[in-house]
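Here the structure comes first, spelled out in structure tokens, and everything after it is commentary.
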Amino acid sequence: MSKLTGKVAVVTGASKGIGAAIAKSLAAEGASVVVNYASSKAGADAVVAAITAAGGKAVAVPGDVSKAAEAQGIIEAAIKNYGRLDILVNNSGVYEYTPLEAITEEHFHRHFNINVLGLLLVTQAAVKYLGEGGSIINMGSVASHITSPNSAVYSGTKAAVDAITIVLSRELGPKKIRVNTLSPGIVETEGTHSGGFIGSEFEKFALAQTPLGRIGQPSDIASIAVFLASEDSAWLTGERLLASGGFR
């Protein structure tokens, strides 16, 4: 039997990149998946099509995680379509590196509203339905510890995620709900290509500091998400798993 047979998962920001890979991997292990997207319906539909073509179950659901009503709607879609909720992957996020002198209120609030407030709002909605054995996976980043120049806002959001994970693991532990952070290093996605990270001096620096000698692929992160979602990690909560090939 697959590791997640009979389980239902919500993955936010799952229309591309790491989120899409996680959604596909959870479905491959038997979970029914809500594939959330904020703007790319075509991308989410493609993820759902790939899952169903492989024999899995998935549905695409729009929603801006930073708005309470829409965050609630994302979770309600899991209940409406599949009748339960077992796994939440808080993957929605934005990142833009900006030097101190260029930081604006808009830049700050966009990052914190999606990366931090969004995580809290979706989790708040989810805990009404998560029961014993539930797993919440918050996507962090190596950025919270590497703290590169020009990343004050983004790194700040991911440091907040690290702290929130520990706090929520204590709050939700009595309900037997686990909360962990999965923190990737540089991963080759549409976002890292469009953001100029791939082929940059920062990538060269990161590669030189990475014992395994390569940047990550979405599948590298997705397999760890499956571990955190499954009973294989039943004794882990409040942890930060750094998935970076040793870059730290």
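The values are calculated or read from the model by the stated rules, or taken from the named source; none is laboratory data. In this text the structure is predicted, and so the values were computed from the model without any measurement. No Cβ is skipped: glycine too gets one built from the backbone with ideal geometry, and neighbour counts run over all protein chains shown. Surface accessibility is based on the protein's heavy atoms, side chains included, excluding ligands, DNA and RNA. Shrake-Rupley method; radii C 1.70, N 1.55, O 1.52, S 1.80 Å.
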Can you give me the number of residues within segment 59-71 that are over 17 Å from the mean Cα position of the chain (by Cα) and not basic (Lys, Arg)?
4
Does residue 184 qualify as being in contact with a helix residue (DSSP H, G or I) (Cβ under 8 Å, 6 or more places away or on another chain) and either of a type in the set (Val, Ile, Thr) or more than 19 Å from residue 31 (Cα to Cα) (or both)?
yes
Selected residue (only one of 178, 170 is surrounded by fewer than 13 Cβ atoms within 10 Å (Cβ to Cβ) and modelled with pLDDT of 95 or more)
170
Residue under question is residue 42, and the condition is that it be open to solvent by 70 Å² or more (accessible area, probe 1.4 Å) and of a type in the set (A, V, I, L, M); does it hold?
yes
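With respect to residue 59, determine if the residue is more than 21 Å from residue 140 (Cβ to Cβ) and outside any loop (DSSP other than H, G, I, E, B). Please lay out each step first, then the result.
On the way: more than 21 Å from residue 140 (Cβ to Cβ): yes; outside any loop (DSSP other than H, G, I, E, B): yes.
Considered against the rule, which asks whether it is more than 21 Å from residue 140 (Cβ to Cβ) and outside any loop (DSSP other than H, G, I, E, B), residue 59 comes out as yes.
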Filter segment 1-39 down to the residues that are open to solvent by 40 Å² or more (accessible area, probe 1.4 Å) and either more than 17 Å from residue 189 (Cβ to Cβ) or assigned to a helix (DSSP H, G or I) (or both) and list them by number.
1, 2, 3, 5, 6, 7, 24, 28, 29
Quickly run through segment 86-132 and pick out the residues that are aromatic (Phe, Trp, Tyr), modelled with pLDDT under 95 and open to solvent by 80 Å² or more (accessible area, probe 1.4 Å).
95
The number of residues in segment 213-241 that are assigned to a helix (DSSP H, G or I) and not small (Gly, Ala, Ser) is 9
